[in-house]
1. Using the alpha-carbon centroid of each, what span in Å lies between the range A:203-252 and the range B:210-247?
2. Just to verify a number: what accessible area does A:T326 come out at with the full protein assembly present, 1.4 Å probe, Å² rounded to tens?
3. Output needed for the range A:412-532: three equivalent-ellipsoid semi-axes, defined as square roots of 5 times the C-alpha gyration tensor eigenvalues, in descending order, whole Å.
4. Using the alpha-carbon centroid of each, what span in Å lies between the range A:570-594 and the range B:507-553?
5. In chain A, what percentage of the DSSP-assigned beta bridges are antiparallel, given to the nearest 5?
6. Relative to the Cα centre, what is the charge dipole magnitude of the range B:434-598, using +1 at the beta carbon of each Lys and Arg, -1 at the beta carbon of each Asp and Glu, and rounding to the nearest 20 debye?
7. Specify the longest stretch of chain B that does not include any exposed loop site, a site being one of the GluC sites (Glu not before Pro) with a non-H, G, I, E, B DSSP assignment and at most 15 other Cβ atoms within 10 Å.
8. Computed FRET efficiency, Cβ-Cβ of B:K7 and B:Q147, R0 25 Å: what is it to the nearest 0.05?
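The values are calculated or read from the model by the stated rules, or taken from the named source; none is laboratory data. Just so it is clear, the model here is predicted, and its values are computed rather than measured. Because the Cβ atoms are built from the backbone with ideal geometry, glycine has one as well, and the counts that use them run over all protein chains shown. We work out accessible area using only protein heavy atoms, side chains counted, and drop any ligands, DNA or RNA first. Shrake-Rupley method; radii C 1.70, N 1.55, O 1.52, S 1.80 Å.
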Number of protein chains: 2
Amino acid sequence: MPTALTKESDVDVLIVGAGPAGLMCAMALARAGVNVRIIDQRPAKVAAGQADGIQPRIVEVFQSYGFADRLFKEAVQVHMAAFYNPGPNGGIERTGRAPDVTAPTARWAFEMALHQGGIEQIFLDSMASNGVEVERPMIPTAIQLSQDESVLKDPKSHPVKVVLKDLGAPEGSLDTEVVHAKFLVGCDGAHSWVRRQFGITMEGEQTDYIWGVLDLIPDTDFPDIRNRCAVHSHNGSCMIIPREGDLVRLYVQLADKDVLDAKGRVDKSRVGPETIMEVANKSLYPYKMSTSHPIDWWTLYIIGQRVANQYSVHDRVLIAGDACHTHSPKAGQGMNASMNDTHNLAWKLTHVLRGWADLSILKTYEFERRKYAQDLIMFDKKFAALFSGKPRTDDSDDGVSHEEFLEAFQTFGLFTSGIGVHYQPSAIVDDRHSSYASKLNVGQRLPPQVFIRAADSQPVQIHDLCPSDTRFKVLVFTGDTTNQLQLKNVKALAEEMQKPEHFYERFGHGNSSAVFELLAISSADKMISNYTDAPTFFRSHWSKFLLDDEDMYKRAGGGGYDAYGVDPNGAIVVVRPDGYVGTVAPLGGLEYLDNYFASFMVPSS
Amino acid sequence: MPTALTKESDVDVLIVGAGPAGLMCAMALARAGVNVRIIDQRPAKVAAGQADGIQPRIVEVFQSYGFADRLFKEAVQVHMAAFYNPGPNGGIERTGRAPDVTAPTARWAFEMALHQGGIEQIFLDSMASNGVEVERPMIPTAIQLSQDESVLKDPKSHPVKVVLKDLGAPEGSLDTEVVHAKFLVGCDGAHSWVRRQFGITMEGEQTDYIWGVLDLIPDTDFPDIRNRCAVHSHNGSCMIIPREGDLVRLYVQLADKDVLDAKGRVDKSRVGPETIMEVANKSLYPYKMSTSHPIDWWTLYIIGQRVANQYSVHDRVLIAGDACHTHSPKAGQGMNASMNDTHNLAWKLTHVLRGWADLSILKTYEFERRKYAQDLIMFDKKFAALFSGKPRTDDSDDGVSHEEFLEAFQTFGLFTSGIGVHYQPSAIVDDRHSSYASKLNVGQRLPPQVFIRAADSQPVQIHDLCPSDTRFKVLVFTGDTTNQLQLKNVKALAEEMQKPEHFYERFGHGNSSAVFELLAISSADKMISNYTDAPTFFRSHWSKFLLDDEDMYKRAGGGGYDAYGVDPNGAIVVVRPDGYVGTVAPLGGLEYLDNYFASFMVPSS
């Protein structure tokens, strides 16, 4: 038997775990042309069940990567929520209906749902088009991070040494490999091996709520079966979430005695899908639900709400997704938060690896995403308690009333939709001049807005002009360019911006248009504006000069300056590569922008 | 050398010619599962140039077949038109801007453009998914139509005998085939071989206007280069139409002496793209246009405006597209009219071949499409004359004024957009009860309208629920189903409609849902409506019961009863498989509908 030599290799980023967080990370890095590998211990992707709704912000993020259309083809949309409470006749009755999400500025103001395998396939297809595949089944067996400060501070070093074992390797063949990575991202789930290797602890507790979940195609007379329903009854709580095709997901609360073994652990052998159906039917009385189809998927869980005490080890080993936060699935946040973690991380890694950004930018990953997870868990606890609590009735005054529940549902809706996520000031979020675009929240995602192209009056959604392509978007709101005085200012700005001392050239690394996307937006009237009047610097292509005006049939566009609160004399808005407003400056505020970028970017050499 | 035997075969439909008319026909029949073959004399599809804009109605038609998304990805959109006339300083000046199309009810109220090869590829891809390919290069060499009345009247007969020659067959191999077809559709262009075999003549004349056309990527200071422009100058007329990417199409009027040979025929050797550019630059003065890219495509033509005196021979041989009408390309009508011809024809052939409709339904093809071509040519003449006429100036009072041209542009806009096409009363268009949906025009295409699904409040575009799937769409406007009295009427209707003597069963051929798509639309308020209240007949699936209400964020939907002028007590609207309103009836008007369908459909045996 021949002795296998040890295989060794280098990689820029190694991702451990190919769930939603890992796949989002691998997809985004692969698109950016980063040298990346991703491994997973499972021999194949998830087939059915698992994961929850797709929140409005994630649909926007998917769109920014160019594949929201897949969701519109494959996922179900959930527009309405219905609330049921105990009625006078012993059964439940509907106490109200409301929008399923509270997200008035969302580009798509509804929730979607698609089974996790479907979501993973979208990522896998995109990765394949960039030549990246998940290596599976493969696990890391040892990991070591250099302790040498000078190595850790050199962005070109490979300080992470990982031993990988190929579980699919034929007997007797070489099945281990030593990989030297510049960065390692642990997306390996709630029981994260990566997290445990570095002794990162999870903070928070497990609750006492035990839930049964199942997917079914229902036969029922329940009139809200295609809406998201929160049902409080004297016989327990139950949640209904519509899924793809005719499927529906049921969440029912189970009694401890039904599911726990002698040691207080969930024992799946003690209950079955029939139990869950039986409990659901009790909650839903006087309505009835049955199914004539096989049950696709079901499970039991205890809600655990925990956040890792750190997300990063020396900014070289980072964890994301369930590896650093776990939630109540009913809030529909786990998968969304996980994908948003690595959406936040991927462009920062890319900028560091290209030599554009300083390593320190990676500190903002933990700063921004850990805060979000903590807020999320605070909400999650409140929501889970309200949901699992007894309903208020004439007999029980201390229960949860419909009004109380609805208020919580809506107050937190903006947050859970992902739309309201607000990153606090840091090197990459600077709000000191926010008054120049007073209705934009620096640190929040740029709200959608339709403008028209000056050259051809075609309406365009600003989100579609700000894709996740790793570039900073510099939106120059020029004011009214048919006003000759204003046009003179704009021409002066164009001239100044091209000078080597200012950010566009200074941090452009010899190819400014690869680092920055420059769009100009005039408040001129389309009927008299000539796009040829704008300085050529602001129309490197004719499609890049926009107007804040309605399209020819007044069906879209207009009111963008007002919606963003942009000063009529203009402003410059910097949108981060992940779609969040990084900073706002007055039209003449080039020096301020120079300083903003200097705080985290590396000047061209 | 072996003597080849004659190959003989049967086919339901043989299409000659794979341009836009032939491909639309083949695609639609292939989707419907019809036994169809299509041949073309060219060895490969068109690569560049040719064909004109894609009008709003054709975008709707593409959507009805499920591939408008291809247009949105690949085609350019044209939203604005600009008009130029002689100015005071010897050059041209802009006299106005307007929407490029006059089509307020269009689902997409703009023009698109995509090179003919791109359009053909969309059809070819769809056909391939149904296993149909163009056989090429192949030509018909002889054709014979049975004169036997009993054969012609038997829808199962194969009265058309065609000899085909495979031009790509290897030397010495069998290259001819005798095909017996139930129907033959000649889509073989302006010089149609099929048309000539049956002595069908073209009526109309050739004009004296000679035009040069070229596609280029322009370098120019002309501010409307990305808009459609009609330029009248003292140095000739010129039209600009934006195309895909950075391409622009130029149409310029040429002087007879420059392009005609001694016999008065267009001589392409006498001019080149440089001549066209030179003439364009004279018209556009003081603006300049040049190009630093090779010229992709250019041509010369004389406008001919003619219509065939018949479209059909015994309803067995039919002609479509350029084979029966030719136009001025500047009106952007040729390709659109051609595709609409076979969109009109394909479902009728399908219904006859399935034994659902009487052969006589095919008479409506010529009735509807020849009238349209005649109207089109009447418009075309006026428009071409206005366009080629001298501009009016202070010195020349008899020229065409801006106002005159703009008025013609807009008056005819609704017609040229394809949206205003209005088929006159016939067996399949019956408007006697149109007052029950007073704002619908029976014989016009159903206007787009967003409703919401009662079960889940998801907004849906009624156009997307009325795809080109060969089914008649029966839209039952139920009135307010939360009104118990009205609900009683609706339940009674549901019960009655299922009886064998009424059209749904009588013409259902044992599978009514394959012949008819049944959708119910209630005017109930979504906040109190329960979809489970509707009779199950009107919700064979939960998605088929709709409400005329806004979505949860009031972004879409609502006002459909008003927009269609539907009686608050309800109405039934029948939409033909091609999207045109066939008839309207009162909610209780089953007998009237029975008679409507009886006038062209064959009862179930």
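1. 60
2. For A:T326, the solvent-accessible surface is approximately 30 Å².
3. 26, 21, 15
4. A separation of 50 Å, based on Cα centres.
5. Bridges in chain A that DSSP calls antiparallel: roughly 70 percent.
6. Result for the range B:434-598 is approximately 200 debye, rounded to the nearest 20.
7. With a cap of 15 other Cβ atoms within 10 Å, the longest stretch comes to B:245-500.
8. Step by step, r from the Cβ atoms, then E = 0.50.
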